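All remarks here apply to the structure that follows.
The values are calculated or read from the model by the stated rules, or taken from the named source; none is laboratory data. Bear in mind the structure is a predicted one, so any value in this text is a computation, not a measurement. What goes into the accessible areas is simple: the full protein's heavy atoms, side chains included, and nothing from ligands, DNA or RNA. Shrake-Rupley method; radii C 1.70, N 1.55, O 1.52, S 1.80 Å.
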Amino acid sequence: TASSLQANVAEMEQRHKEQTGTIDELKKNLYQTKQDLTKARGEKNEAQEALQNLRVQYNKEGVQVNQQIKKEWFEAGTKNGKLRQANAVLRAANAAIEKSKREKNDDSDVGEEPSSVVKKEPVKKE
């Protein structure tokens with residue numbers, strides 16, 4: 001029985017060594033996992049920061065594009081308004097020219113028959 005006790009003690013010591021080795025490995029694995037997790041969190045934070053920077057940049061560019069569109073739209077409206085004014089001035093000038101021509105023609109034809117009226121010669125009877 002003493003030999004069986006020694007065998008049991010040896011077996012228990014062997015189990016203790018295996019478990020201690022397993023515990024040490026688990027501790028190492030846990031430490032490595034914690035390091036990996038810390039690294040992953042850092043990478044995640046960097047990625048989130050990069051994403052936020054992209055969002056900010058996208059929003060800035062969107063605002064700039066919208067401002068440019070508004071500016072060009074306003075300029076186009078201004079040009080359109082100026083063109084409308086210029087057209088109105090041209091129409092008024094053309095109307096004044098036409099009126100002046102009519103008045104000039106009316107003044108020069110005073111006492112004369114209009115050229116559109118054909119004079120009839122009296123028919124002589126023979």
Let me test this: with uniform point scatterers at the alpha carbons of region 50-89, what is the Debye-based log₁₀ I(q)/I(0) at q = 0.17, 0.25, 0.31 1/Å?
-0.56, -0.76, -0.89
Report D for region 1-89 in µm² per second (integer): Stokes-Einstein, Kirkwood Rh on Cα pairs, 4 °C, 1.567 mPa s.
63
With the 1.4 Å probe rolled over protein heavy atoms, region 1-117 has an accessible area per residue in Å² of 95
